[in-house]
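**Q** Got a structure for you, questions after.
Derivation of every value follows stated rules applied to the coordinates shown; laboratory data play no part. Here the structure is a predicted model, which is why all the values come from computation and not from measurement. Note that each Cβ is placed from the backbone with ideal geometry, even for glycine, and that neighbours are counted across all protein chains shown.
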Amino acid sequence: QVQLVESGGGLVQPGGSLRLSCAVSGSIFSINSMGWYRQPPGKQRELVAAITTGGITTYADSVKGRFTIARENAGNTVYLQMNSLKSEDTAVYYCQATRIINVFWGRGTQVTVSS
């Protein structure tokens, strides 16, 4: 099993920045990739960014150039640096890990962008 715990969410003004962290524990040795997803109010969950064990990153078009995903070398923490935040970035952000064919989720952290 893999346990994921997100932190770093909160209220921020438009144009501001936040850094989300995802603490990973458990059987992390076979994790293939890690990602951040988000679910805006009344909408479906969507991919924000992902990173493979080889360091290959993927971003949603809506966050390219503003968000950066990074993984600590030991693989115990994954970060999402979010800059130039917009009101449409408001959502619950979830950390996800893929290990072989299994997918694990954290409980999420709320990000609210509002003046």
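**Q** Between Phe67 and residues 5 or more places away or on another chain, which pairs have amide H atoms under 5 Å apart, with H built 1.01 Å from N, and which residues are they?
**A** Long-range HN contacts for Phe67: Asn83.
**Q** Continuing with the same structure: Applying a 10 Å radius around every beta-carbon, put 83-96, 9-22 in order of their mean neighbour count, most first.
**A** Ranking, from highest mean packing down: 83-96, 9-22.
**Q** Enumerate the residues in region 70-84 having an amide nitrogen under 18 Å from the point lying 7 Å beyond the Cα of Phe29 toward its Cβ.
**A** So the set is 74-77.
**Q** Starting at the first residue of region 17-23, write each ³J(HN,Hα) from the Karplus equation 6.51 cos²θ - 1.76 cosθ + 1.60 with θ = phi - 60°, in whole Hz, x for Gly and Pro.
**A** Whole-Hz 3J(HN,Hα) from phi for region 17-23: 10, 9, 10, 8, 10, 10, 8.
**Q** Still on this structure: Can you tell me the Rg and the Dmax, both Å, for the Cα atoms in region 1-45?
**A** Cα only, region 1-45: 13.7, 38 Å (Rg, Dmax).
**Q** State the dimensionless ratio Rg/Rh of region 10-77 (Rg: radius of gyration of Cα atoms; Rh: Kirkwood radius).
**A** 0.98
**Q** Further, regarding this structure: Rounded to whole Hz and in sequence order, give me ³J(HN,Hα) for region 105-115 from the Karplus expression 6.51 cos²θ - 1.76 cosθ + 1.60, θ = phi - 60°, writing x for Gly and Pro.
**A** Each residue's phi maps through the Karplus curve to give 10, x, 8, x, 9, 7, 10, 10, 10, 7, 8 Hz.
**Q** Okay, moving on. Per the Cauchy relation, a quarter of the hull surface: what is the mean projected area of the convex hull of the alpha carbons in the chain, in nm²?
**A** 6.6
**Q** Set the Förster radius R0 to 41 Å, insert the Cβ-Cβ distance between Trp105 and Gln13 as r into 1/(1 + (r/R0)^6), and round the FRET efficiency to 0.05.
**A** About 0.90, to the nearest 0.05.
**Q** Bin by bin, in steps of 10 Å, what percent of the Cα pairs in region 76-115 do you find, going until the bin that has the longest distance?
**A** Reading upward from the zero bin: 24, 46, 24, 7, 0.
**Q** Given an 8 Å cut-off on Cα distances and at least 6 residues of separation, report the relative contact order of region 14-94 as a percent.
**A** 42
**Q** Within 14 Å, Cβ to Cβ, of Lys43, how many net charges do the neighbouring residues add up to if Lys/Arg are +1 and Asp/Glu are -1?
**A** -1
**Q** A further question on this structure: Could you order peptides 48-56, 29-37 by the average number of other Cβ atoms within 10 Å of their residues, highest first?
**A** Packing proxy ranking, top to bottom: 29-37, 48-56.
**Q** Next question, about the same structure. Could you run the Karplus curve 6.51 cos²θ - 1.76 cosθ + 1.60 with θ = phi - 60° over region 55-69 and give me ³J(HN,Hα) per residue in whole Hz, x for Gly and Pro?
**A** x, 6, 10, 9, 10, 5, 4, 5, 10, 4, x, 10, 10, 9, 9
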